Amino acid sequence: MRIGVLGMGSGLRRNVLRAGAILIASLVAFAPMLAVARAQVTPAEVAPAQVAPAQVAPAQTAPAQVLRKVSVVSFGLFGGQDVFRSEATGAAAVVASRFGGDPVVVRFNTRKSGDATIDTLAATLDAVPKRMDTGADILFLILTSHGSPEGLAVTAGRRSSTLTPGRLAGMLDRTGVRHKVVIISACYSGVFIPRLASADTLVITAADRTHSSFGCEDKAKWTYFGDAFFNSALRQSQTLREAFSLARSLVLTWELRNGFEPSHPQIAGGENVEPLLVARH
């Protein structure tokens, strides 16, 4: 017997057709559900991640440091040799070019005249602060001369005297100026440090309190220390401490080369002053 739909009886054929119709209807009914299920198992198309640009804060530029007014007073106290006139003049010019100078007062003695006496120095240190903001500006004092354990030699014509550490300390106290720099180029000039150095007063000396300094020749333009510190190191340094370090090395080299006992230049105090001195060139 041939098996097939056409070979079936009419009753059986109707049952087969009815079952087929039910299967087709079921497929039609479940088609949307199958589509949804397929969509659920299909990997999602992920859009590229959108990365927001980082919000970088504008660079914080350091505020420009305020340039303090610097008043320069420079005295060549020993009139018997021209080197002290030359050094007082040259040192004032270098300091003014590096840190500014308003005003720049230079006084010096000669063999015949005296413009740099103790009284003149006291009067100058009384007058200059009247043009300064004593709480903010800087007083820069330079003294060059021969020295002794008692202080600095002051010779003006035939007159001679000694500027002691105590006398100079009193003059500086009376100025009322808070921030000060004192540079002393002389033998034994370290004797001034105990009386002058403080957080508000930077003191630099050409020698310690027990040694001589050198280069005080009449035809010279600078002493050893003046040449090393003002004429060489300060012209290329941004700070006084950096200049001092360079100058001390130079002085030692020259002293050893010539067979001299080292002078041991000194620096002390000035913690509140150094940050205020800004080199201009």
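The values are calculated or read from the model by the stated rules, or taken from the named source; none is laboratory data. Remember, it's a predicted structure, so these values are computed and weren't measured experimentally. Methodologically, a virtual Cβ is constructed for each residue, glycine included, from the backbone with ideal geometry; neighbour enumeration extends over all protein chains shown.
Is one or more of the residues making up the range 129-145 in contact with a Pro (Cβ under 6 Å, 6 or more places away or on another chain), under 19 Å from residue 81 (Cα atoms) and at pLDDT 95 or above? Please lay out each step first, then the result.
Within the range 129-145, the first condition is being in contact with a Pro (Cβ under 6 Å, 6 or more places away or on another chain), and the residues that meet it are none.
No: the range 129-145 contains no residue that is in contact with a Pro (Cβ under 6 Å, 6 or more places away or on another chain), under 19 Å from residue 81 (Cα atoms) and at pLDDT 95 or above.
Examine the range 230-244 for a residue that is among the basic types (Lys, Arg), touching an Asp or Glu at 6+ places or on another chain (Cβ under 8 Å) and modelled with pLDDT of 95 or more, and state whether such a residue exists. I'd like the intermediate steps shown before the answer.
Initial filter on the range 230-244 (among the basic types (Lys, Arg)): 235, 241.
In the following step, the residues that additionally are touching an Asp or Glu at 6+ places or on another chain (Cβ under 8 Å) were identified as 241.
If we keep only those that are modelled with pLDDT of 95 or more too, we end up with 241.
Scanning the range 230-244, I find at least one residue that is among the basic types (Lys, Arg), touching an Asp or Glu at 6+ places or on another chain (Cβ under 8 Å) and modelled with pLDDT of 95 or more, so the answer is yes.
For the subset of the range 245-281 comprising residues that are among the basic types (Lys, Arg) and surrounded by fewer than 16 Cβ atoms within 10 Å (Cβ to Cβ), which member is nearest to residue 196 (Cα to Cα)?
280
Looking at the range 227-265, which of the residues that are among the charged types (D, E, K, R) and touching a residue at least 24 places away in the same chain (Cβ under 8 Å) is farthest from residue 90 (Cα to Cα)? Talk me through it step by step, then tell me what you get.
Step one: of the range 227-265, the residues among the charged types (D, E, K, R) are 227, 235, 241-242, 248, 255, 257, 261.
Filter once more, keeping what is touching a residue at least 24 places away in the same chain (Cβ under 8 Å): 235, 241, 255, 261.
Values: 235: 12, 241: 20, 255: 22, 261: 26 Å.
Only one residue fits best here, namely 261.
Kindly state which strands (runs of 3 or more DSSP E) lie completely within the range 93-188 and contain at least 1 residues that are farther than 23 Å from residue 224 by Cα and touching a helix residue (DSSP H, G or I) at 6+ places or on another chain (Cβ under 8 Å). Break it down stepwise before answering.
On the way: elements: 104-108, 138-144, 151-156, 159-163, 179-185.
Hits in the range 93-188: 104-108, 138-144, 159-163, 179-185.
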